[in-house]
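The values are calculated or read from the model by the stated rules, or taken from the named source; none is laboratory data. Because the structure is a prediction, the values reported are computed rather than measured. We place every Cβ from the backbone using ideal geometry, glycine too, and count neighbours over all the protein chains shown.
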Amino acid sequence: MALLRSLVRKSLSTGKNGAITFQAVRSAGGWNKDFAPGPYPKTEEERRAAAKKYGLHPDEYQPYPDDGFGLGDYPKLPDISGESKDPFYNWDFPEHKRNFGDPIHVHADAYGEDRWNISAKPSVPYSKQILVCIGFIGSLVGIYYLTYDFKLYRPVLPKQLPAQGTHYTFEQAE
């Protein structure tokens, strides 16, 4: 990185936009790999270091279980959606209802205000919703199988002509 900075400084700092280019190179970094969680903490010292890394008190810090999903030392935060947070609080980022330095939930992409509200209680319980759905689909399938032997055809009468005899046709006369 230092080599890249020195090359950019020497080659582009004399031009009009040298400062802009230098600022762009200086700000380079912060890749996704830099924000990846570390390995799962196995000792108490690693646990305390991970709690400090995420800005949590060691008593509050609890990592996700090491079940192979790759969450590592990321803290297990409570499931609180955006709609459940106080709308009148002076948030640093009001569009996401979070403050600077707060750790982000693993499922933050699903818990936004315009998405799933995990804290909401449905007016109709999920068990009743499932039973109604199964009952409706089951009744449609039942009606189909009960009436399967009764074939439906369009009621069509024979072609009705005004009188007996030859009518306008395109046959050749003999």
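Annotations for the structure displayed:
- Identity of the residue in region 46-60, small (Gly, Ala, Ser) and touching a Pro at 6+ places or on another chain (Cβ under 7 Å), that ends up surrounded by the fewest Cβ atoms within 10 Å (Cβ to Cβ): 55
- Residue count for region 61-99, restricted to those that are surrounded by 10 or more Cβ atoms within 10 Å (Cβ to Cβ), on the phi > 0 side of the Ramachandran plot and over 20 Å from the mean Cα position of the chain (by Cα): 1
- Residue in region 58-79 that is of a type in the set (Asp, Glu), touching an Asp or Glu at 6+ places or on another chain (Cβ under 8 Å) and over 30 Å from residue 38 (Cα atoms) present: no
- Scanning region 36-85 for residues that are closer than 14 Å to residue 104 by Cβ and assigned to a helix (DSSP H, G or I) returns 53, 82.
- Qualifying residue in region 38-45 (condition: modelled with pLDDT under 85 and either over 19 Å from the mean Cα position of the chain (by Cα) or loosely packed, with under 13 Cβ neighbours inside 10 Å (or both)): no
- Near pairs, Cβ below 6 angstrom, 6+ apart or cross-chain, from region 116-142 (outside any loop (DSSP other than H, G, I, E, B) and hydroxyl-bearing (Ser, Thr, Tyr)) to any residue that is surrounded by 10 or more Cβ atoms within 10 Å (Cβ to Cβ) and modelled with pLDDT of 95 or more: none
- Applying the criterion of being hydroxyl-bearing (Ser, Thr, Tyr) and surrounded by 10 or more Cβ atoms within 10 Å (Cβ to Cβ) to the residues of region 124-155, the residue that is modelled with the highest pLDDT is 139.
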